[in-house]
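Reviewing the structure listed below.
The values are calculated or read from the model by the stated rules, or taken from the named source; none is laboratory data. Keep in mind the model is a prediction, meaning the values are calculated, not measured. Using ideal geometry, Cβ is built from the backbone for each residue, glycine included, and neighbour counts are taken over all protein chains shown. Surface accessibility is based on the protein's heavy atoms, side chains included, excluding ligands, DNA and RNA. Shrake-Rupley method; radii C 1.70, N 1.55, O 1.52, S 1.80 Å.
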Amino acid sequence: EDTLHHLNFYLRRGTTTAIIGQTGSGKSTIAKLMLRFHDVTDGELTVCGSDVRTITQQELRDHISYVPQKAWLFSGTIADNLRDGKADASDEELWHALDVAQSGFVRELPDGLQSRVAQGGTNFSGGQRQRLSIARALVRPADLYIFDDSFSALDFKTDAALRHALQTEVADAAVLIIAQRINTILTADQIIVLKDGCIQGLGTHEELMRSCSAYQEIARSQLREEELAELTGEDREQVPAADGAAMKGGE
Ligand SMILES: Nc1ncnc2c1ncn2[C@@H]1O[C@H](COP(=O)(O)OP(=O)(O)O)[C@@H](O)[C@H]1O
Ligand SMILES: [Mg+2]
């Protein structure tokens, strides 16, 4: 049975698109279709103008950098893991990607980039594994960056700082952020509200707050009253400090 129906959207360079929806709504399936883990049964999906079915997975990897929902790390060093997407990346490039990914904890480790990573990354916390796999994705130059639920284990402040740093880092690429947390996607240029594999709404936060009941429901369940009032009001400077920087940058 098909999981996704009647989808129509564009991911444009220099813009961030977010997909929000409950578990099982089909968010990860969209990412997997782009990477050809599955192929569409109907319709088409193009990357840089070509139908993905005419592009080999190897070539697709040159266009798309992907952080899967389940952050995976392999045994080796942190540097080995980070260079997976770009074998000749310099140490400076690795540190830069770690900084953007808010992975300052690596600087605290006695062996730095040469620190051992156990199979599956089990010697790091879930949030650290997520940040390391985000850093790895950033080391790889790409036209499209996909983050599938990659910010879920981060606290709100780190989540906001990371998204703010991302904006300048991948400014020329298209960015797709898949999330369940509305705070993560508020500032996206376009937000897709997905439910049971169908688009319930597509627009900015403000547009969806006016027009999309499914989105309003998510907002009501996740945002505090005062945040709702501020975010739907005219003056977005009033947004809580943790998200303020990312907000401004997103406009
Ligand atoms: N490999 C698969 N084979 C069959 N069904 C799948 C597979 N992967 C996901 N699904 C189904 O597709 C639907 C959407 O899943 P998914 O895209 O993972 O949702 P989300 O990422 O929004 O939680 C779910 O009903 C799930 O059970
Ligand atoms: Mg998913």
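Could you give the accessible area per residue of the chain, probe 1.4 Å, as a whole number in Å²?
50
Taking 30 Å as R0, compute the FRET efficiency from the Cβ-Cβ separation of residue 12 and residue 224 and round it to 0.05.
Once the sixth-power term is evaluated, E becomes 0.40.
Using label points projected 7 Å from each Cα along Cα→Cβ, tell me how many nm separate residue 69 and residue 50, to one decimal.
Label-label distance for residue 69 and residue 50, simple model: 2.9 nm.
How large a share of the accessible area of segment 69-126, in percent, is made up of carbon and sulfur atoms when the probe is 1.4 Å and the other protein chains stay in place?
Its accessible area is 50 percent carbon and sulfur atoms.
Using a 1.4 Å probe over the heavy atoms of the protein chains, calculate the carbon and sulfur portion of the accessible area of segment 1-60 as a whole percent.
Carbon with sulfur: 43 percent of the solvent-accessible area.
With charges only on Cβ, +1 for K and R and -1 for D and E, what is the dipole size of segment 16-249 about its Cα centre, in debye, rounded to 20?
Computed charge dipole of segment 16-249: roughly 700 debye.
Could you work out the Rg to Rh ratio of the chain, with Rh taken as the Kirkwood radius (inverse of the mean 1/r over all Cα pairs)?
Using only Cα positions, Rg/Rh for the chain is 0.97.
Let me check I have the definition right: for segment 77-221, take the eigenvalues of the Cα gyration tensor, multiply each by 5, take square roots. What are those semi-axes in whole Å, largest first?
32, 16, 13
If the label point is 7 Å along Cα→Cβ of residue 157, which residues in segment 106-135 have backbone nitrogen under 20 Å from it?
106-109, 125-132
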